[in-house]
Each structure stands twice: as structure tokens, then as C-alpha cells.
Amino acid sequence: MKPQKLFLILSFILFSTNNIFAQNEMKARIEYEDAEMAFQNKDFKSALSHLEKAETALGKWTAKISYLKIMATDKVIEYEEWNEELKKLKQEVTAYMKYANTNPENIDMERVREIYTVEEKVNEVWEWKKYLDDEKKWVNESDYSEGVKAYKNNDFEKALALFHKSAEKGNPAAMNYIGIIYLNGNGVQKNIDEALKWYEKGSKAGMLYSSRNIANTFFNGKEVQKDYKRALEYYHKAAAKGDTHSMIRIAYLNKEGFGTEKNLDEAMKWYKKAADRGDKIGLTGIGLVYALKGEDSKAFSYLKEAAEKEETEAMIFLGLFYEKGVGVSKNIDEAVRWLVRASEDYPRVNTLLARIYYDYHNYDKAANRFTIAIENNVTNIEKADYYKIGVSMFETKSYTKALEWLEKSYNAGVEKSKSASYIAHIYDSGLGIEKDKKKAKEWRSK
């Protein structure tokens with residue numbers, strides 16, 4: 001073949017190949033730009049789809065695509081349990097961090113910090129998976145499983161003997177059960193010191209529930225003196241193994257400054273960890289911390305998200321936010337809607353509803369909600385409510401009850417002259433009782 005002809009063929013091949021590369025790079029660029037737009041619009045699934053196409057078109061891994069892929073995945077993935085999606089995310093994060101370590105001059109440290117935060121969340125779920133794998137071995141141990149059966153059948157003597165045999169083999173689940181038996185006094189003399197001793201053994205052997213049981217004991221302070229500092233120590237041990245209950249308690253203790261200095265940022269961190277693991281209370285906690293920081297719109301957003309996931313405490317706060325117009329336009333109908341839903345689980349919310357109905361002169365509903373609260377012996381009825389209850393009962397013609405609560409209102413020093421006026425009218429007109437002009441006159445003079 002002549003050199004000139006060979007040169008032309010090679011030139012054509014090279015030009016064609018370069019043209020293909022150029023086309024693919026252009027496709028990758030378009031897909032990446034579409035991914036960025038989708039990410040900004042919070043359409044994270046669409047962003048991931050475009051990123052996969054961009055990477056396929058490019059034919060190689062890049063830090064730029066990997067970063068956005070990790071951040072989009074973080075927005076849509078569930079961190080509750082180990083699965084194939086989390087496995088892929090772990091691989092992606094590992095690849096990015098490896099690149100960052102070997103190419104520090106090409107990396108934005110703010111992005112590395114973001115990826116590091118995602119890596120921590122992934123690793124926490126990985127630790128939880130390993131813990132669950134260990135727990136399966138513990139609960140399937142023969143003496144332990146037979147001990148659980150005996151315990152459920154209230155054969156505590158047999159259960160304790162079997163748990164001791166299992167504990168001698170190093171089974172921390174058995175150690176934890178021995179602690180429970182001594183704490184509750186199941187077939188033995190109740191012994192808090194013995195319970196804590198066995199919980200401690202279980203905790204040291206890796207049983208998160210033993211750590212949590214120790215923490216709860218010192219947090220509640222029923223069997224021992226309250227010790228928030230010690231509770232915090234053991235909640236941290238349980239949280240390290242993925243226990244969201246402990247994460248919530250750590251956040252609460254930091255929020256309130258119990259057992260440690262008050263630290264809203266630390267509280268926020270732990271509420272977020274719990275929320276990332278699917279804990280609805282974590283979302284509520286985030287909202288409350290934002291409220292304490294004065295960031296009402298963010299607080300409202302998280303409380304609404306938690307409330308929509310049926311978290312009752314969030315419903316209560318959301319209702320109050322709507323009632324007062326905090327972080328959202330004032331909306332009494334929405335306030336009532338959320339508080340009514342919350343009242344199904346929390347009878348004391350009926351008092352909040354009754355006050356709202358009273359303020360808007362809906363005395364029928366106010367009287368009904370106050371009655372439900374009273375019948376449930378709620379503890380949040382205040383002296384200021386006595387007059388409102390009395391008036392609501394009066395307006396709904398429940399005069400005997402009205403008289404009872406108006407007298408309480410007067411004796412408590414609440415709206416004394418108005419309470420006395422109502423009482424005088426009841427006696428004067430004989431509403432629900434016999435007329436008594438003398439008593440009516442006495443009350444008018446008060």
C-alpha cells in the first residue's frame with residue numbers, strides 16, 4: 001500500500017475516533033448539566049438518572065460526577081438498614097475519598113467535608129448491620145433460645161439457669177436478660193445492683209440493649225438516683241451501634257444541657273443522625289432546635305414533615321405554629337386540624353383545642369374538649385382555664401357544672417367579678433338549681 005494512501009486511511013480513522021470522543025463528551029456534558037438542574041430543583045432521582053447517562057457517555061469515573069451522584073443519592077436513600085443501594089453508595093464514597101487523598105490539589109475541601117458526612121452515615125448503618133449479624137448468632141444459641149421460651153412461660157428459675165449457661169459461653173444477649181430478671185424481680189429478689197452488674201457485662205461484650213438499659217436506668221432515676229452524665233455515657237455506647245432511641249436521648253440531653261453543657265449544634269447533629277435512620281422523632285427534634293435558634297421557617301418545615309409521617313408531638317407543635325403564625329401564615333383551621341389528630345394519642349391536647357374554641361366563641365366544642373380533658377385527668381388544666389370552663393358550660397346550658405367551675409375560678413382569683421356575676425345570675429334565675437335570691441345578692445356584692 002502506498003504511504004500516501006495509508007496516511008489518508010489512518011487520518012480518517014483518527015478523525016472518526018476523535019469525533020466520537022468529542023460527541024460522547026458533549027453528550028456527557030449535556031447530561032451533567034441536566035443533572036445539575038434537576039438537583040437544584042430537588043428532583044434527585046432524575047438527577048441520578050442523568051448522572052448515570054453522563055458517566056456512561058464519558059466511559060470513565062470522574063470526581064465531578066461522583067460528587068453529585070453521592071449528594072443526590074444521600075437525598076433519596078433510606079439509611080434504615082443495609083441494602084444494595086447503600087452498598088453502591090459505600091463504593092462510590094470510597095472511590096471519591098481515595099481520589100481526594102491522592103489528588104488533594106484537585107479537590108474542594110468543602111465537598112470533601114460533605115462526602116465525609118455521608119460516609120459517616122453509611123458506616124453507621126454498616127456497623128448496625130454487623131451488630132445485627134452478631135445478634136442473630138446470640139439469639140440462636142441453644143441455651144439462650146430455650147431460656148427465652150422459659151421466661152415467656154414465666155418459668156423464671158429455669159430461664160435464669162439457662163441464661164447463666166449461655167452467659168458462660170460469652171453470650172451478651174443472655175447477660176442482658178439476667179439483668180432484666182434482677183431489675184424486675186422475676187422469680188428472684190429485685191436487685192438493682194445485680195441488674196446493673198449484668199447489664200455492664202453485656203455492654204462490655206457488645207450488647208447495645210445493655211448499654212441502653214444502663215442509660216435508661218440513670219436517665220429515669222426510678223431505681224437509682226438520676227445521673228444524666230452517666231446516662232449520656234452509655235447512650236453514646238448504644239448509639240455507636242446504631243440505636244436511634246439513644247441518639248434521640250443524646251440530642252435531648254444536649255438540647256436541655258442535662259449531664260453536659262447545653263449545645264444546640266450537638267443536639268441538631270444527633271437528631272439528624274436519628275432522622276437519617278428513619279426516626280420520625282428525629283425530624284421533630286430538628287424542628288425544635290431550629291425553633292430555639294429562632295429559625296422559624298426551617299422549624300416549621302421539619303415539624304410538618306414529621307407530622308405528615310404521623311409523629312404526634314410534631315402535630316402538636318405544628319398546630320401551635322399555625323395558631324400563632326410562627327414560621328407560617330396564621331391559620332386556625334389548620335391549627336385545629338393538626339391538634340385534633342394529635343388529641344387521639346394525647347388527651348391533654350384537648351385542653352389546647354378547648355382554649356382555641358373558647359377564644360373563637362365556639363362554646364359547644366370548647367365545652368366538649370374541656371370535658372374530655374377533665375375525664376382523662378389531664379395535668380395541663382390551669383387556673384386560668386377555670387373561668388373558660390365555667391363560661392363554656394354556662395353557654396351550653398350545663399349549669400351545674402358551670403357553677404362548680406365558676407366557683408373554682410372565683411376562689412382561684414381568676415376573673416373574680418365576672419365569675420361572681422355569672423354565679424349570681426345562676427342563683428337568681430334558678431338555672432339548674434333552685435332559685436336563691438339571697439345567694440344571688442351575696443354573689444353580686446362580691
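Looking only at the stretch 399-430, which residues are more than 19 Å from residue 381 (Cα to Cα), open to solvent by less than 50 Å² (accessible area, probe 1.4 Å), out of contact with any Lys or Arg (no Cβ under 8 Å at 6 or more places or on another chain) and touching a residue at least 24 places away in the same chain (Cβ under 8 Å)? Matches in the stretch 399-430: 399, 426. Within the stretch 317-343, take every residue that is out of contact with any helix residue (DSSP H, G or I) (no Cβ under 8 Å at 6 or more places or on another chain) and part of a loop (DSSP other than H, G, I, E, B) and give me the one that is surrounded by the fewest Cβ atoms within 10 Å (Cβ to Cβ). Per the stated criteria, the residue is 329. Of the residues screened, residue 27 is one that is in a helix (DSSP H, G or I) and either surrounded by fewer than 14 Cβ atoms within 10 Å (Cβ to Cβ) or touching a residue at least 12 places away in the same chain (Cβ under 8 Å) (or both). If you filter the stretch 124-133 down to residues that are touching a helix residue (DSSP H, G or I) at 6+ places or on another chain (Cβ under 8 Å) and of a type outside the set (A, V, I, L, M), you find that the one that is most open to solvent (accessible area, probe 1.4 Å) is 126. For the stretch 76-85, the count of residues that are part of a helix (DSSP H, G or I) and in contact with an Asp or Glu (Cβ under 7 Å, 6 or more places away or on another chain) is zero. State yes or no: is residue 83 of a type in the set (S, T, N, Q) and modelled with pLDDT under 90? Yes, satisfied. Out of 280, 272, one residue alone is without any contact (Cβ under 8 Å) to a residue 40 or more places away in the chain, farther than 30 Å from residue 184 by Cβ, within 15 Å of the chain's Cα centre (by Cα) and open to solvent by 30 Å² or more (accessible area, probe 1.4 Å). It is 272. So, in the stretch 173-208, of the ones that are of a type in the set (Ser, Thr, Tyr) and under 18 Å from residue 162 (Cβ atoms), which residue ends up surrounded by the fewest Cβ atoms within 10 Å (Cβ to Cβ)? Among residues in the stretch 173-208 that are of a type in the set (Ser, Thr, Tyr) and under 18 Å from residue 162 (Cβ atoms), the one surrounded by the fewest Cβ atoms within 10 Å (Cβ to Cβ) is 182. Please go through the stretch 93-118 and give me each residue that is in a helix (DSSP H, G or I), of a type in the set (S, T, N, Q) and open to solvent by less than 90 Å² (accessible area, probe 1.4 Å), ordered by number. Answer for the stretch 93-118, where residues must be in a helix (DSSP H, G or I), of a type in the set (S, T, N, Q) and open to solvent by less than 90 Å² (accessible area, probe 1.4 Å): 94, 117.
Residue 306 falls short on exactly one of the conditions (1) closer than 21 Å to residue 381 by Cα; (2) of a type outside the set (D, E, K, R); (3) buried (at least 22 other Cβ atoms within 10 Å of the Cβ), and that condition is (1). I want to confirm something. Restricting to the stretch 368-381 and keeping residues that are over 19 Å from residue 412 (Cβ atoms) and not β-branched (Val, Ile, Thr), which single residue is surrounded by the fewest Cβ atoms within 10 Å (Cβ to Cβ)? Checked the stretch 368-381; the qualifying residue surrounded by the fewest Cβ atoms within 10 Å (Cβ to Cβ) is 375.
Set side by side, the residues 390, 327 differ, and just one is within 30 Å of residue 305 (Cβ to Cβ) and touching a Phe, Trp or Tyr at 6+ places or on another chain (Cβ under 6 Å), which is 327.
Taken together, 229, 237 contain a single residue that is modelled with pLDDT of 95 or more and surrounded by fewer than 15 Cβ atoms within 10 Å (Cβ to Cβ), which is 229. All told, residue 350 falls short of being open to solvent by less than 50 Å² (accessible area, probe 1.4 Å) and at pLDDT below 95. Look at the stretch 152-168: where a residue is more than 15 Å from residue 202 (Cβ to Cβ) and a partner is open to solvent by less than 70 Å² (accessible area, probe 1.4 Å) and of a type in the set (Ser, Thr, Tyr), sitting 6+ places away or on another chain with Cβ atoms under 6 Å, you get 159/151.
Mind checking whether some residue in the stretch 251-266 is touching a residue at least 12 places away in the same chain (Cβ under 8 Å), closer than 29 Å to residue 344 by Cα, over 12 Å from the mean Cα position of the chain (by Cα) and assigned to a helix (DSSP H, G or I)? The answer is yes, given that some residue of the stretch 251-266 is touching a residue at least 12 places away in the same chain (Cβ under 8 Å), closer than 29 Å to residue 344 by Cα, over 12 Å from the mean Cα position of the chain (by Cα) and assigned to a helix (DSSP H, G or I).
Within the stretch 59-86, the residues that satisfy the criterion of being surrounded by fewer than 19 Cβ atoms within 10 Å (Cβ to Cβ), without any contact (Cβ under 8 Å) to a residue 60 or more places away in the chain and farther than 15 Å from residue 39 by Cβ are 59, 60, 61, 62, 63, 81, 82, 83, 84, 85.
Scanning the stretch 139-172 for residues that are surrounded by fewer than 18 Cβ atoms within 10 Å (Cβ to Cβ) and among the polar types (S, T, N, Q) yields 140, 142, 145, 153, 154.
The values are calculated or read from the model by the stated rules, or taken from the named source; none is laboratory data. Since this is a predicted model, take the numbers as computed values, not measurements. Every residue, glycine among them, receives a Cβ derived from its backbone with ideal geometry; neighbour counts consider all protein chains shown. The area values use the complete protein model at the heavy-atom level, side chains included, leaving out ligands, DNA and RNA. Shrake-Rupley method; radii C 1.70, N 1.55, O 1.52, S 1.80 Å.
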